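Notes for the one structure printed next.
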Amino acid sequence: MDHDRVRQAQALRVKALMCRRWADTARDSEGAARLAAMASAYEGQADAFEQEAATPGCKQRGR
């Protein structure tokens, strides 16, 4: 398992959580929608990193 990818996924999930919280407190619906979209994008990236890290035979890059 690639621990760097797992850490990156965790960081992205934190960013997604923050975006969702900010969306809840947004003053306008456009801002809330934009923040919710960013949160979804972060979640998608985190899912991809976790899948890549869990892939058998996955080698760490850059080391």
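The values are calculated or read from the model by the stated rules, or taken from the named source; none is laboratory data. Quick caveat: nothing in here was measured; it's all calculated off a predicted structure. Positions of Cβ are generated from backbone atoms using ideal geometry, with glycine treated the same way; all protein chains shown enter the neighbour counts. SASA here: full protein model, heavy atoms, side chains in, ligands and nucleic acids out. Shrake-Rupley method; radii C 1.70, N 1.55, O 1.52, S 1.80 Å.
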- prompt: Of (1) without any contact (Cβ under 8 Å) to a residue 24 or more places away in the chain; (2) open to solvent by 60 Å² or more (accessible area, probe 1.4 Å), S40 satisfies all except one. Which?
  reply: (1)
task: Could you grab me the full set of residues in segment 12-35 that are open to solvent by less than 40 Å² (accessible area, probe 1.4 Å), part of a helix (DSSP H, G or I) and of a type in the set (G, A, S)?
output: A16, A23, G31, A32
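For every residue, the table says whether it meets (1) within 22 Å of A54 (Cα to Cα); (2) among the small types (G, A, S).
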residue	(1), (2)
V6	yes, no
K15	yes, no
R27	no, no
R34	no, no
A37	no, yes
